[in-house]
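Here is the structure we will look at.
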Amino acid sequence: MKIRAILLNLAVALIALVVLFPLVWMVSVSFMATGEAATFPPPLWPKVWTLEHYRDLFLNQGMGRYLWNSFALATLATILALGFTVPAGYAFAKLKFKGRERLFQFLVAALVVPAQIGTLPLFLMLKGMGLVNTYAGALVPWLASIFGLFLVRQYALSIPDEMLEAARIDGAGEGQIFRRVVLPTLQPIIVTLGLFVFLGSWNDFLWPLIILTDQSNYTLPVALASLSREHVQDVEMMMAGAVVTVAPVLILFLALQRYYIRGMLAGSVKG
Amino acid sequence: MTVADPTLTKAGTRDRPSRGRGARERAAWAFVAPAMLAIGLFFAIPVIAALLLSLTDFDIYALANLDNLRFVGLQNYERLLTNPLFWGAMKNTLTFAVLGVPLSIAASLAAAVILNARVVKWRPIWRVMFFAPYVTTLVATAVVWRYLLHTRYGVINWGLTSLGLPAVDWLGDPSTSIPAILMFVVWKIFGYNMLIFLAVLQTVPDDLYEAARIDGAGPWKQFRHVTLPAIAPTMLLVSIISVASFFQLFAEPYVMTQGGPAQSTVTVLYFMYEEGFKWWNLGSASAVAFVLFLCILAITLVQLAVAKRVGAYQ
Amino acid sequence: MSLTAHRRGALALMAGGAAAACTPRRSGETVLRFWAMGNEGGTVGQLMPEFERRNPGVRVSVQPLPWTAAHEKLLTAYAGASLPDVSQIGNTWVAELTAIGALSPTPPQAANLLTDQFPAVLETNQIAGRAMTTPWYVDTRLLFYRKDLLARAGFDAPPQYWAEWKRAMHAIKRVAGGDNYAILLPLNEFEQLLTFGLQIDEPLLRDRDTRGNFSSAGFVAALAFYRSLFAEGLAPLASSTQISNVWTEFAKGYFSFYFSGPWSVGDFRSKLPASFQPNWATAGVPGPKGLGASAPGGSSLAVFKSSPHQEAAWALVRYLSEPVVQARFNTIVGDLPARQSAWDIAGVERDPMLAPFRGQLARAKAVPKVPEWERIVTEMQIVAERMVRGEYTPESAAAEIDRRADRLLEKRRWMMEQGRAV
């Protein structure tokens, strides 16, 4: 049995090595001098640590602008998505209204449809509204998040009806009930959903690629993809760009991973 | 972790003034309206518009002047079916899915089984660590892996040559480009399904394993008779979602290979992007999107039918 | 509940406000947005201070784009009404951009920018006789060859017509020996076959460019010539992705003839050792009966109709078209200037490797100017590759290319029949 324990722990360590290596290499190369990584055998650690690529990115390539765009869009997307989906999810769970079941079935059916189908017409629609190349245009898909709605509804189903009834008997209006009773109860799922949306918006690629045509509006993934086509040979700078893109969300995730994982499992694991 | 579904019908059967009920209904609509409006406007309408677009020959001439638009019925679909580039994209996408889905599920399951073992220490730390690649930005990690797969200076080839194996032109040879991208994709996503499998595995009571061991079953038999049946429903869900997401690969070929070498990594979605945004044949591109949707739907239904037959769920 | 609604409204306003706040502007100053690609994108900024000095109150904001994304970004920007003021464009995109009405044609005041140009290049920039864009820099394909191996094979001058060329290729293959070939014609690149196609007398499209003319006797002969180079073992069955380093293979003698443009001159010089340099040279491309045509490549400057700064935009185009400025740009980035007098100022022909470009550009022939051209020529190459691999004969390949071209041109035909502008 001891052998089994050693082997298993060794397997775990091996997996950890494979998982972490690309990320550690990414950070390591970002501090190497230009051209150092394009040698054979490939170095794993910088001979001399340098910040020149980070400096180049922020001073010459406008990385600060892209970082701000990503951050602003992710924050706005989170606020808007929460504002739109949390009340709706609660209503689907707890408030009876005419047509609720029919509407819910439609939403379930809509889940099967991949989002990319509507990408092109949505682009043309936003062009008509004058929202191409604007923040508002980039935020539009996050308002229509069916998955978020399901997540909130699933969680809200567990709110005891007696609590809501008691508040109603006390004469509270639905809005007050929502603010004072429901929101505090939903707090964990709000954090989870907020985290999902923030990460999702930060990492989003296809839609910002299409809707943001001006370089000054690019988010980090779009800017990085564009840089990677231009500076194919410039490994170290690309790694620095990758670090700037990945580090904020990785840190955010590590800080709030409990909420993320709990939300993820709640949505996917059915008894 | 499951959430008990409280019976909704029992609450609210008490008498109350109708004014209260009306107010409640109005409030419900107010809560739901913004999201429904957004979904209707920014999701439902574009999808219907895409269906309509796919029946026209919207192209660059129509972009200039809508009078140049023609309704062409199913011509876009016919043209697609006779377009070798489209079939190439389908073949590539199927290759990705056929190779990638089993690979990624096996990797996730293996990792989950390993982590589930009682003798493994510091499980929460490993759990988070293995999941981390999933939350990283796809474009950034695709760029990193493009360099790891570099023919001359990549670490992977360095590892191969150190072991005496020949270096592989991963992203430059049409026959290895798909496996190369798959290496990256599996690395990135295996943590997601691993977490799901792990959660399910932890609900399997130890006495089942104990009983099997007493009956003389070795680790493999235990896996087949205790573990697999327990995770069967989850496996179905996971494979449905995996197939759907493998069919939607786009950013990886866009960043790592631009569809090359020799169109070997052009996926259906990449083909749609080029058709729509490089050539502005929106009619044709919308047709591609619908064909993609139908494929995913068909395969999902097949998977459900197979699972029903096998008895994995009712 | 009303508070929630107000909160949502406020947030929507914030989103819109954030959108508006994102475009910086300084009052009183005209900012010209100029898109540039590739090497030019990285270097044209060096020419801007002088322009801004001569035009106070105008600032040029250069946005570099990679070539691989430029075409789609331009069309997306058109669709999204966010085109820049001026952009560098590949000169094969002129037809497309004209068809969608995005371009501002050359105004009469700027007519003198069109003098001193290579005829084929100028024609490429004209649609229905009207100049829609201004040539900026030019290139075309030349024959790069191994002077030493050719001499050893018994030829003291580069071949000038197809039959002689094939004889030279056979001779060089014998001299190079082993597994080596005579010429590299990447199967995924259409430029080589297109060059042969331009050297024949017949045009590539007919009926006012609404149908393919690839079944003409001349083009079938070109296809036959192309196929024979593979069939007779003179060219390897390879795509460009399978040749890891063109210059290394060239130096090793894997092939001795190569089609390329001015950028390869710099590449061969910098990437190959000094001892090897006397062994290669450039020459005009052989045609069926004598030195032949090739496609006039290069970039042009486009001013977009949507730009609110037409005057300043044309001032920028005028500045970049000045022979002195073009000569200076040539020294910075190596691009061959569009204005012929700039060649003299920069002394381009002093370089023996670049000198043949001038004659070749004079012999260049414009490709058909239809928006569908790039797709047609891509299909042409796909069929040609399959012909080389044995699936078609030259005649059936020509018929197949015609079939595909006709299908791609169907909309254009329909529009012409309806009497709409194309």
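Quick rundown of the values:
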| quantity | calculated |
| --- | --- |
| Across B:Lys278/C:Lys411; C:Lys289/C:Lys411; B:Lys91/C:Lys166, pairs whose alpha-carbon gap is larger than 29 Å | C:Lys289/C:Lys411; B:Lys91/C:Lys166 |
| Cβ charges +1 (Lys, Arg) and -1 (Asp, Glu), total dipole of region A:60-268, debye | 540 |
| Sequence-distant residues sharing a close amide H with C:Ile127 (under 5 Å, placed H) | C:Met132 |
| Two-site FRET efficiency, A:Ile169 against B:Leu37, from Cβ-Cβ distance with R₀ of 35 Å, rounded to 0.05 | 0.60 |
| Karplus-derived 3J(HN,Hα), 6.51/-1.76/1.60, for each residue of region A:144-154, Hz, glycine and proline x | 9, 8, 5, 4, x, 4, 4, 4, 5, 4, 4 |
| Cross-link pairs A:Lys127/B:Lys188; B:Lys121/B:Lys221; C:Lys305/C:Lys369; B:Lys121/B:Lys188; B:Lys188/B:Lys221 - those with Cα-Cα distance over 27 Å | A:Lys127/B:Lys188; B:Lys188/B:Lys221 |
| Candidates C:Val367, C:Val60, C:Val303: whichever shows maximal mean-square fluctuation once chain C is modelled as a Gaussian network with Cα springs under 10 Å | C:Val60 |
| For A:163-176, mean number of other protein chain Cβ atoms within 10 Å | 3 |
| Helix runs (DSSP H) in chain C reaching 24 Å along axis by Cα, Kyte-Doolittle at least -1.0 | C:2-20 |
| 13 Å beta-carbon shell around C:Arg130, net charge (K/R +1, D/E -1) | 0 |
| Extent along principal axes [Cα atoms of the protein assembly as shown; Å; largest to smallest] | 101, 70, 58 |
| Spherically averaged projected area of chain A from its Cα convex hull (nm²) | 21.1 |
| Cβ-based net charge around A:Ala138, under 15 Å, with every Lys or Arg adding one and every Asp or Glu removing one | 0 |
| Helix axis angle, A:220-230 relative to chain A longest principal axis, alpha carbon, degrees | 30 |
| 222 nm mean residue ellipticity, helices alone, for the protein assembly as shown (DSSP H n ≥ 4; -39,500 (n - 2.57); rounded to 500) | -18500 deg cm²/dmol |
| Loop chymotrypsin sites (Phe, Trp or Tyr not before Pro), region B:260-314, which have at most 14 other Cβ atoms in a 10 Å radius of their Cβ (DSSP) | B:Tyr313 |
| Rounded D (µm²/s) - region A:21-180, Kirkwood Rh over Cα pairs, Stokes-Einstein at 37 °C, 0.692 mPa s | 159 |
| Shielding by partners - mean other protein chain Cβ count within 10 Å, residues of A:40-46 | 4 |
| FRET E, pair C:Thr331, B:Leu99, Förster distance 51 Å, beta-carbon r, rounded to 0.05 | 0.50 |
| Residues of type aspartates and glutamates that A:Lys98 reaches as a straight line, Cα spacing below 12 Å, ignoring anything fewer than 8 places off in the same chain | B:Glu25 |
| Theoretical gain in end-to-end length, C:Ala157 to C:Arg420 [0.36 nm per residue, Cα-Cα removed] | 89.5 nm |
| Karplus-derived 3J(HN,Hα), 6.51/-1.76/1.60, for each residue of region B:121-128, Hz, glycine and proline x | 9, 6, 4, x, 5, 4, 4, 5 |
| Positive-pole candidate from A:Leu252, A:Gln61, A:Ile177, dipole of region A:60-268, charges at beta carbon | A:Ile177 |
| Selection from C:Ser264, C:Ser215, C:Ala95, by position along the positive dipole direction of chain C (Cβ) | C:Ala95 |
| Efficiency of FRET from Cβ geometry, B:Thr151 and A:Phe97, R₀ 45 Å, rounded to 0.05 | 0.15 |
| Per-peptide average of other Cβ atoms within 10 Å, ordering C:396-407, A:48-59 highest first | C:396-407, A:48-59 |
| Gaussian network model of chain C, Cα within-10 Å springs - most flexible of C:Trp93, C:Trp67, C:Trp343 | C:Trp67 |
| Paramagnetic reach from C:Glu349 in region C:307-342 [backbone N under 17 Å; point 7 Å along Cα→Cβ] | C:327, C:336-342 |
| Considering only chain C, percent of DSSP beta bridges that pair antiparallel, nearest 5 | 65 |
| Amide H contacts of C:Leu103 (H built 1.01 Å from N, under 5 Å, at least 5 apart or other chain) | C:Lys305 |
| Computed log₁₀ I(q)/I(0) - Debye formula, equal Cα scatterers, no solvent, region B:75-310, q 0.10, 0.13, 0.16, 0.18 Å⁻¹ | -0.59, -0.91, -1.18, -1.32 |
| For C:Ser61, residues with placed amide H under 5 Å, excluding near neighbours | C:Leu32, C:Arg33, C:Phe34 |
| Local electrostatic count at C:Leu185 - Lys and Arg +1, Asp and Glu -1, tallied over other residues with Cβ under 11 Å | -2 |
| Neighbour-count ranking [beta-carbon atoms within 10 angstrom, fewest first] of C:Ser270, A:Ser216 | C:Ser270, A:Ser216 |
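Taken together, the values in this text are just the output of simple stated rules run on the coordinates, not laboratory data. Fair warning: this is a prediction, and the values are worked out from it, not measured in the lab. Here the Cβ is made from the backbone with ideal geometry for all residues, glycine too, and neighbour counts use every protein chain on show.
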